[in-house]
There are 2 protein chains.
Amino acid sequence: MFTIYGVYRSRASRNIWLAEEMGVPWRHVPVIQHYRLGDWAADGAPLNTRSAEFLALNPRGQVPALDDDGLVLCESLAINLHLAKRHGGALGPADVAEDGLMTMWSLWAATGVEPHAIEVLYNLVAKPPGERDAGLAERSIAALDAPFTVLESALEGRGYLVGGRFTVADINVAEIVRYAAPAKSLFENRPAIAAWLEQCHARPAFQRMWTTRDAEPA
Amino acid sequence: MFTIYGVYRSRASRNIWLAEEMGVPWRHVPVIQHYRLGDWAADGAPLNTRSAEFLALNPRGQVPALDDDGLVLCESLAINLHLAKRHGGALGPADVAEDGLMTMWSLWAATGVEPHAIEVLYNLVAKPPGERDAGLAERSIAALDAPFTVLESALEGRGYLVGGRFTVADINVAEIVRYAAPAKSLFENRPAIAAWLEQCHARPAFQRMWTTRDAEPA
């Protein structure tokens, strides 16, 4: 059985969504980011990312981390690619070509989308209003125009990113694209992205993850 | 036979180094970044990243791209993980655990090291002196302190990142760490990183790549 370390309100959400999709038993250890410790103190979160016990597992001091039968991994997207290959059946690659494509989409989203999408999230909704940088939000939205056009083309007429079915590639990319959702303009003229994200979020596994996440301290 | 698209002075260097390590036949198409077209005009570079012929292959308009017997991939690190699995023997993963670790290190370097390392390179040496931002260089070096400490620990007493041997994980991480090489202070108290990078760069395959790269227009 594998263990996912990280609260739901972290990039562990990607791994928890996949775990829920796979329908295999797994364990959850809600490690919280050290800088958010105050949010959880009253609830007694047992570990944070600077706890000695967690640092012994992951010296990077970041969540999520995975322990899969003694194999310790970090990097949320790599964890998902691994879990899908080992436990995910058709959620993972059917062959080396699909493996390449799923890895490509994950790296593409991590490097070309996430740095901008996270600034959209922070500066349109997540930060307190007085700390938001409207100019940075605008530049980040502009920077997402080209990658969103690539994504729209990839999804058009296909529905999913790899192999014509829902896979770990969709989870990895959708969890990053979600950060940009407050920028409605990015989705308005891109019906394939909008429909794909809606379908991803309608999945029972995503819904289970999201419901538990919403119950966590904000 | 596979084809790597991209001039040596691009992230294609990662893929070309690996191709040289693998010792299998491969083809090279020197596609240049569109914004550098002027550097090569006199030499008649046949394609640039906005050429219709290249965009038909890779609509992202970025190098490198790979065509491996009809499978088209982009994202330099994903290309390398794929090539090593399909053609690389012991340069690639021996099992699903090594696959997870190699993917983890690649994502770790792409997200946690490269954004800072590239600013070190630009603002210490690559940009014309008048355009360098000393403050950004300094902040980027500071941001690399934590990941370099993680890398030093991982290499200490092991020599290589995965499986006790030189693999695609070393190529993917070393090509990113190389961008930070002008920041000597990052390497001074980290003997494992310094020795590892020196060993990586002493490899005949790296040397062949580097010699051809040096002969390209700067």
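Can you find a residue that is under 23 Å from A:I16 (Cα atoms), part of a helix (DSSP H, G or I) and more than 13 Å from chain B (Cβ to nearest Cβ) anywhere in the range A:124-131? Looking for residues that are under 23 Å from A:I16 (Cα atoms), part of a helix (DSSP H, G or I) and more than 13 Å from chain B (Cβ to nearest Cβ), one finds at least one in the range A:124-131, hence yes. Within this structure, B:A56 passes the test of being open to solvent by 20 Å² or more (accessible area, probe 1.4 Å) and either of a type in the set (G, A, S) or away from chain A (no Cβ under 14 Å) (or both).
Taking the numbered list (1) over 14 Å from the mean Cα position of the chain (by Cα); (2) closer than 23 Å to B:T149 by Cα; (3) not small (G, A, S) in turn, A:D69 passes all entries but (2). Of the residues making up the range A:163-197, those that are hydrophobic (A, V, I, L, M, F, W, C) and either over 20 Å from A:V125 (Cα atoms) or in a strand (DSSP E or B) (or both) number 9.
Condition check for A:A134 on (1) in contact with a Leu (Cβ under 8 Å, 6 or more places away or on another chain); (2) open to solvent by 10 Å² or more (accessible area, probe 1.4 Å): one failure, at (1). Between B:W40, B:W17, the distinction of being more than 23 Å from A:E98 (Cβ to Cβ), out of contact with any strand residue (DSSP E or B) (no Cβ under 9 Å at 6 or more places or on another chain) and not in a loop (DSSP other than H, G, I, E, B) belongs to B:W17 only. Taken over the range A:73-107, the residue count meeting the criterion of being open to solvent by 20 Å² or more (accessible area, probe 1.4 Å), facing chain B (nearest Cβ under 9 Å) and not small (G, A, S) is 5.
Can you pull out the residues in the range A:84-106 that are touching a helix residue (DSSP H, G or I) at 6+ places or on another chain (Cβ under 6 Å), in contact (Cβ under 8 Å) with a residue 12 or more places away in the chain and assigned to a helix (DSSP H, G or I)? Of everything in the range A:84-106, those that are touching a helix residue (DSSP H, G or I) at 6+ places or on another chain (Cβ under 6 Å), in contact (Cβ under 8 Å) with a residue 12 or more places away in the chain and assigned to a helix (DSSP H, G or I) turn out to be A:A84, A:K85, A:R86, A:H87, A:L91, A:M102, A:T103, A:W105, A:S106.
The values are calculated or read from the model by the stated rules, or taken from the named source; none is laboratory data. What you see is a predicted model, and the numbers here were worked out from it, not measured in a lab. Using ideal geometry, Cβ is built from the backbone for each residue, glycine included, and neighbour counts are taken over all protein chains shown. Please note that ligands, DNA and RNA were not included when accessible areas were found on the heavy atoms of the full protein model with its side chains. Shrake-Rupley method; radii C 1.70, N 1.55, O 1.52, S 1.80 Å.
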